[in-house]
Every structure is written in structure tokens, then in C-alpha cells.
Amino acid sequence: MVLCADPPLPIKPPESKITELANKTTYESSVMEQKTRRHIIERYRSCEVSQVILSEVENRHQHQTLEPVKSPISGCSPSVESTTDTNTLHKHTVADAAWEALKKSIVHFRGQPIGTVAAIDKSQGALNYDQVFMRDFIPSALAFLMKGEPSIVKNFLLETARLQLREKMVDLFKLGQGVMPASFKVHHCNSQHKTESLLADFGETAIGRVAPVDSGLWWIILLRAYTIWTRDNSLAESPECQRAMRLILKLCLSEGFDTSPALLCADGCSMVDRRMGIYGYPIEIQALFFMALRCAVTLLKEDRNDDFVYQISKRIKALSYHLHTYYWLDFQRLNEIYRYKTEEYSETALNKFNVIPESIPDWIFDFMPSRGGYFIGNVSPARMDFRWFCLGNFIAILSSLATGKQAEAILDLVEERWEELIGEMPMKVCYPAMENQEWQIVTGSDPKNTRWSYHNGGSWPVLLWLLVAVSVKLGRPHIARKAVEVVEKRLVKDEFPEYYDGKAGRYVGKQARKFQTWSVAGYLVAKLLLDDPSNLRAVSLSDDGHIRAPVLKRSNSFP
Ligand code: GLC
């Protein structure tokens, strides 16, 4: 494991210590790890990735818990093998089955690998799961990069940059040029498969006809990951990639009627791609937007004819200020909102969005621990969506939108609410689920998004990689390790489902696809990050001290 060249890794605990650590209860080991962690971080202050895992303890622990599986190379689906033979135990790991499944999902275009299909589930109609989804490809891309196979990532970035230039129409309306596709597939133009072209979906055929706002943001984040990983700037500096970035960001930075730096979105414009009440300014998009802007600053070439990079830097500050001021929630802040006055007027108003305290849902008072906090789902006039969304919060940590203290608080909350957020399968896409009349009104009675299913409080194995990434970033690997153990108990046996249902995520999802590629790749990235924390550099940005929110004082303008 190479974290930084100088100085060499300091710690290899004695064997007795390793055994002791591996056998500790979670609480004990977390206290011990925290002490060791502090010591190590102290010594590695100068490294970009300063968080270190006691890999010897990790490996030992993982080997104790890995489930043996039959290798799918033999042609059968991977399944858990009951054996006591320790050699077999090490030979066929969950990871073997996952690599095999990932390999099978690769899509080729004109002889080159360009992406991975969303799922290969022969038991159901393909619908659009036979396509390469941009967001779904991210964990696959990271797994390939970390495995030293960057060419598929490069091909993907170049082909999607080409797709972006196509004219996109929904009925008679032309979409912005910067829009990236939600997904694409290879079209074989004649029966002999001699000519191939790409068919892309920019939202014009998607359920609900929504353009994916997240695709372009992920594209920029992936371009940085590729550049960091390969140490090759030439792709990012190519005219194709420079143009693609500019087109994406021009869309996001275009002037409108906004009174805030957050990006206004339609429902269903991201991973949660159906009506779920995330319209407005969803945290998932704001965090991705923030991260993409920060990545772009490092990738864009300055152009003497415009001040684009300067505009981006200004937006980063404004967005950070906005999200810190209005989205961050912890016990103390909740209490402040609970005591909000309403109908304030003027610049000194404290309750800027005129949120009525009676609109605070009951569940949040129990859910909010004394230790912990998170960025809430959405803020707009008279509306705070208090739901906890996984992706936005974890991207906030990876992008360093969250301050050090906030990042720790987000993970504290995950630990405090382990049963609710992780339960029997990491991890909840959002919490809690909507039920009854609220579900009817907000989702439009969507039968796929019933309570604790799919996007409505379902559990998505793909999110494991984000949990592991943030745990590794914050030097709290015991959280990652515990979650990986939970996943390893079932993922292969259940054939890598897309999502799980139920309050604790116990049941394979009602309509979940099997062999869902991002469930496969998410697990692999989690393992690669645990095995070598320096892999984190591809997806983590360090804190550059961007502006934080000021302390708000109570308004005098309340009549
Ligand atoms: C579903 C998910 C979406 C994902 C797609 C392909 O539509 O909601 O997030 O990208 O499937 O897996």
C-alpha cells in the first residue's frame, strides 16, 4: 500500500495487537482506532490522502468474513458455497464473482470497450437496462481505473463528449447543447453487425421525459478522476474535453431568474429519476454541482477572451455559502428552526425562506441525534425537505463542501442511526420513506416507489462505495468494514440486486434487477478503497478553505 513516498508507512502493529484489535467489539475497536488514527494522521499531515487504514488488521478481518462463492467462470451463477475448507474460502471470494460480472457487462463499440450495461438480468425484459447509463458507469469506471485499466474510461469520456454535440429535441423543443445523455446503446445498423452507431437518450425517451442534470456533472468528476489516476493531462486538455466541460458548465451557470446560486432542477433529474418530490434544489445535484465546479477549475484551460474560470470560482464560494447557511442541520439548528418566527421582512430576516415551524415533520425530532448532522434534502420558499439523502451528503464530504466538523458529524449520524440507514443492507438512498397520503401526493401514487422500496427509502448496494470512500477519507475504516461485512453476507447469494426493500433493507427489491452492474462495481470500488486508501485520490478533493457561512443573528425586523 503506497500512500505517499516519504516517509514510509510507520505502523505495523505486533501480531498480538492485530488479533486483539480484530476481536474487539465495535465500540472498543472504534475508540482504539481513533487513537491510532490520530497518531497516524499526525505523522502524515503533509499527504493529500492522510487517512490510513491499519491494513494488516483489515486484511485479517476481511479474511475472517469473506464468503466463499463458486466462480462464475464455470458458467453457473455465483452462489455461496458451504465449505469449511479455508483454502477454498480464500480462493473464491465475493470479489471474484464481482469482477467476473463486471467483465460480462462491458459494452464494445467498433471494437473498443466504451462502458458497461446497467444490468444483465435474463429473467426480465431489458427495458432500458441494456444501455450504458452515465451515472451507473461511474463506479465501473473507478473500478477499472483502480485496477489499472483506464482505456475504457477514456473511450467513454470521448464518445459521450461526441454524443453531447448531437441535436436534442423533445417534441418541438430543442434542449441545451451542454446536456449529456442519461444513457446510450450501440445500434447495429445491419444484420451482419457490420456498421455500428450509438443511440443516446437525453431525456426524450426517458420515463417522465426529464433530462439528467447529474450526467454532465459526473462526466466532469470522472474526467478529473481519469486525469489524476493516469497522470495524463492530454485527454482533459484536448479540444473535445475542454469544449464538453464548457458546454456543461455554461448550462449550469447561465443567468436566469434565480435568487440563489443553487441549480434549479425538475423532479427525476438524477439517480432518483422518478417523481419523488426532489424538484427545486435537491442536495444530490447541489453537491455534485459543487464538486464538478471544483474539478473544472483544475481542468479548464484559461481563455484570455473570457473570465469563465473566474465565474466558476465565484460560484463555488456562493454555493458553499448557500448550502452551509441553509441546508446544514444538526440538533442545535433544528431547535433554532423549531423556534423560528415567521413573516419576517428585510435583509436581516433570520427565517429567510419563511419556513413555518409547524411544517417540520415529527420524525425528525426523534431521528436527529445529539451527536451528528447532515445537509437536508432541499430548501426553497416555505419548504425545507428534511429527508436525509445519502448521495448528496457523501459527495459533500468527498468534495470538501462539508467542513471537517460537518464531515465527522455526517458520519456520526450514520453511526448513531445505523439501524435506520444501514440495517441489513447498505444503504438507504433516502430516509425516511413517504407513506399514505403523502406518498400519493408527492409520488403521484407511484407503485414502484411505495414505502421503503426503490427510491422511496429503498436500500441500494451501489451506495456502499460512497460510504467506504467517506469512511476512509475521515480515517474511520471500522464503519466501512462493518458495512462491507453486511453486504458480503448477501450480495452474491442474491445475485447483485439493484436495490433492497423494507425498513431494514431485508428483502430483495420488488422489481429489482439482478446482476445490476453498479451494485457489482460499487462493491469492488469499496474493496479497492479499503485495500489501498490511496485509491481515494481519484474521487476526493481536499479542503481549499472556500468561504463558510457566517453566524446568523436574529432579525430585528420581526414586527
Ligand atoms: C433506474 C434508477 C437510475 C439508474 C437506472 C439504471 O432508473 O433509478 O438511478 O441510473 O435505473 O440502472
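The values are calculated or read from the model by the stated rules, or taken from the named source; none is laboratory data. Keep in mind that this is a model prediction, so the values were computed, not measured. Positions of Cβ are backbone-derived with ideal geometry, glycine not excepted, and every protein chain shown enters the neighbour counts. All accessible areas refer to the heavy atoms of the entire protein, side chains included, with ligands and DNA or RNA removed. Shrake-Rupley method; radii C 1.70, N 1.55, O 1.52, S 1.80 Å.
When residue 231 is tested against (1) surrounded by 13 or more Cβ atoms within 10 Å (Cβ to Cβ); (2) out of contact with any Ser or Thr (no Cβ under 6 Å at 6 or more places or on another chain); (3) under 18 Å from residue 151 (Cβ atoms), exactly one condition is not met: (1).
The residue that is most open to solvent (accessible area, probe 1.4 Å), among those in the range 491-540 that are part of a helix (DSSP H, G or I) and aromatic (Phe, Trp, Tyr), is 518. A count restricted to the range 177-206 and to residues that are open to solvent by 30 Å² or more (accessible area, probe 1.4 Å) and either closer than 16 Å to residue 132 by Cβ or more than 16 Å from the ligand (Cβ to nearest atom) (or both) stands at 15. Tell me which residues, restricted to the range 393-407, are assigned to a helix (DSSP H, G or I) and crowded, with 18+ Cβ neighbours inside 10 Å. Matches in the range 393-407: 393, 394, 395, 396, 397, 398, 406, 407.
Looking at the range 447-495, which of its residues are in contact with a Lys or Arg (Cβ under 9 Å, 6 or more places away or on another chain), in contact (Cβ under 8 Å) with a residue 60 or more places away in the chain and acidic (Asp, Glu)? Within the range 447-495, just 495 meets the criteria.
Within the range 278-298, the residues that satisfy the criterion of being more than 28 Å from residue 158 (Cβ to Cβ) and either within 15 Å of the ligand (Cβ to nearest atom) or of a type in the set (Ser, Thr, Tyr) (or both) are 278, 279, 281, 282.
Filtering 310, 321, 345 for residues that are among the hydroxyl-bearing types (Ser, Thr, Tyr), exposed (fewer than 13 other Cβ atoms within 10 Å of the Cβ) and in a helix (DSSP H, G or I) leaves a single hit, 310. Taken over the range 153-167, the criterion of being open to solvent by 10 Å² or more (accessible area, probe 1.4 Å) and out of contact with any Cys (no Cβ under 9 Å at 6 or more places or on another chain) is satisfied by 154, 155, 159, 162, 165, 166, 167. The condition of being within 16 Å of the ligand (Cβ to nearest atom), surrounded by fewer than 23 Cβ atoms within 10 Å (Cβ to Cβ) and either at pLDDT 95 or above or not polar (S, T, N, Q) (or both) does not hold for residue 237.
Residue 225 meets all of the listed conditions (1) of a type outside the set (Val, Ile, Thr); (2) open to solvent by less than 10 Å² (accessible area, probe 1.4 Å); (3) within 16 Å of the ligand (Cβ to nearest atom) but one, namely (3).
The residues in the range 248-275 that are open to solvent by 30 Å² or more (accessible area, probe 1.4 Å) and away from the ligand (no atom under 16 Å from the Cβ) can be counted, and the count is 10. Taking only pairs six or more apart or across chains, which ones have beta-carbon atoms under 8 Å, a first residue in the range 195-222 that is more than 22 Å from residue 127 (Cβ to Cβ), and a second residue that is within 12 Å of the ligand (Cβ to nearest atom) and of a type in the set (A, V, I, L, M)? Here the result reads 219/134; 221/138; 222/138, each pair linking the range 195-222 to a residue that is within 12 Å of the ligand (Cβ to nearest atom) and of a type in the set (A, V, I, L, M).
Between 438, 485, 424, the distinction of being in a loop (DSSP other than H, G, I, E, B) and open to solvent by 20 Å² or more (accessible area, probe 1.4 Å) belongs to 424 only.
The set of residues from the range 352-379 being surrounded by fewer than 19 Cβ atoms within 10 Å (Cβ to Cβ) and part of a loop (DSSP other than H, G, I, E, B) comprises 352, 353, 354, 356, 360, 361, 362, 369, 370, 371.
Name the residues in the range 511-546 that are over 30 Å from residue 316 (Cα atoms) and within 16 Å of the ligand (Cβ to nearest atom), would you? Within the range 511-546, 511, 512, 513, 514, 515, 516, 517, 519, 520, 521, 523 meet the criteria. Take the conditions (1) assigned to a helix (DSSP H, G or I); (2) free of Cβ contacts under 8 Å to residues at least 12 places away in the same chain; (3) closer than 30 Å to residue 438 by Cβ; residue 259 misses just one of them, which is (1).
Does residue 474 satisfy the criteria of being within 22 Å of residue 494 (Cβ to Cβ) and at pLDDT 95 or above? Taking the combined requirement at face value, the residue does not satisfy it.
Kindly check whether there is at least one residue in the range 136-155 that is among the acidic types (Asp, Glu), within 16 Å of the ligand (Cβ to nearest atom) and part of a helix (DSSP H, G or I). Checked the range 136-155: at least one residue is among the acidic types (Asp, Glu), within 16 Å of the ligand (Cβ to nearest atom) and part of a helix (DSSP H, G or I).
Only one entry of 487, 508, 442, 462 meets the criterion of being closer than 29 Å to residue 279 by Cβ and either touching a Phe, Trp or Tyr at 6+ places or on another chain (Cβ under 7 Å) or within 16 Å of the ligand (Cβ to nearest atom) (or both), and that entry is 462. What number of residues in the range 121-135 are away from the ligand (no atom under 11 Å from the Cβ) and open to solvent by 60 Å² or more (accessible area, probe 1.4 Å)? Qualifying residue count, the range 121-135: 3.
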